[in-house]
Amino acid sequence: MQIPMRPAREQDLPAIVTLMNAAFRGGGEHRGWSTEADYISGTRTSESLLREEIASQAQFFVVDADAPSRIRGCVSLKQLSPEKWYLGSLTVDPAQQNSGFGRELLAAAEDYLVSQGASVIEMTVVQLRHALISWYERRGYHLTGATRPFPYGDSRIGTPLRDDLSFVVLEKLLETVR
């Protein structure tokens, strides 16, 4: 059974911000297995940054939690060409990590993209996130050899604690029938 992923609404933005900041930069008991907190401090996103992404044609999808105004996970999808889409901000509540939910959310996003005619997914990951890169590789993504610069100087996405950050590009070829 596929998880019930739905398009995000304006009223979901505060919950998405809370979820992403906890998953990407959370510490202590809320520290997920794939946090960036060791090399980027501060907040990962804000409502204004999410609105900028949506204005640039990114579509956010969420999976609801049992509690009102909470979500279990989210993902951002943006069409780059008729066949190629960018997958970003795949986020799972740290309390739900290691439960298989992230795999389910990724599969739901991939199924949605196949339904939209996509044959290739592209994503970027900070090059130091070795465990996360390996996780995506186990799900059929491969490193392309391409890199993208880290946005140093843009404090809206946090403060880098290192001067050697960059993004690696991963891709996956999608099967047209699942």
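Looking at Ile71, is it among the β-branched types (Val, Ile, Thr) and closer than 15 Å to Ile3 by Cα?
So Ile71 fits the description; yes.
Which of the residues belonging to segment 43-99 are over 21 Å from Arg25 (Cβ atoms) and touching a residue at least 60 places away in the same chain (Cβ under 8 Å)?
Asp64
Condition first: at pLDDT below 95, open to solvent by less than 70 Å² (accessible area, probe 1.4 Å), β-branched (Val, Ile, Thr) and in contact with a strand residue (DSSP E or B) (Cβ under 8 Å, 6 or more places away or on another chain). Can you find one or more residues in segment 19-36 that meet it?
Checked against the condition, which is being at pLDDT below 95, open to solvent by less than 70 Å² (accessible area, probe 1.4 Å), β-branched (Val, Ile, Thr) and in contact with a strand residue (DSSP E or B) (Cβ under 8 Å, 6 or more places away or on another chain), segment 19-36 yields no hits at all.
Based on this model, can you work out whether Ala55 counts as out of contact with any Ser or Thr (no Cβ under 8 Å at 6 or more places or on another chain) and at pLDDT below 90?
For Ala55, the condition - out of contact with any Ser or Thr (no Cβ under 8 Å at 6 or more places or on another chain) and at pLDDT below 90 - is not met.
Mind listing whichever residues of segment 68-94 are over 11 Å from the mean Cα position of the chain (by Cα) and either within 22 Å of Leu173 (Cα to Cα) or surrounded by 15 or more Cβ atoms within 10 Å (Cβ to Cβ) (or both)?
Ile71, Arg72, Lys78, Gln79, Leu80, Ser81, Pro82, Glu83, Lys84, Trp85, Asp93, Pro94
Just checking, which of Val63, Val92, Val75 is touching a Leu at 6+ places or on another chain (Cβ under 7 Å), aliphatic (A, V, I, L, M) and at pLDDT 95 or above?
Only one candidate passes the filter, namely Val75.
Every residue in segment 121-178 that is under 22 Å from Tyr39 (Cβ atoms) and charged (D, E, K, R), please.
Across segment 121-178, the qualifying residues are Arg129, Glu137, Arg148, Asp154, Arg156, Arg162, Asp163, Asp164.
Pull out all pairs, ordered by first then second residue, where Cβ-Cβ is under 6 Å, the residues are six or more apart or on different chains, the first lies in segment 126-145 and is of a type in the set (Gly, Ala, Ser), and the second is part of a strand (DSSP E or B).
Correct list of pairs: Gly140/Lys172.
When the residues of segment 120-146 are narrowed to those that are more than 10 Å from Val168 (Cβ to Cβ) and among the basic types (Lys, Arg), which ends up surrounded by the fewest Cβ atoms within 10 Å (Cβ to Cβ)?
Per the stated criteria, the residue is Arg138.
The values are calculated or read from the model by the stated rules, or taken from the named source; none is laboratory data. In this text the structure is predicted, and so the values were computed from the model without any measurement. No Cβ is skipped: glycine too gets one built from the backbone with ideal geometry, and neighbour counts run over all protein chains shown. When the accessible area is computed, the model is the full protein with side chains, heavy atoms only, and any ligands, DNA or RNA have been set aside. Shrake-Rupley method; radii C 1.70, N 1.55, O 1.52, S 1.80 Å.
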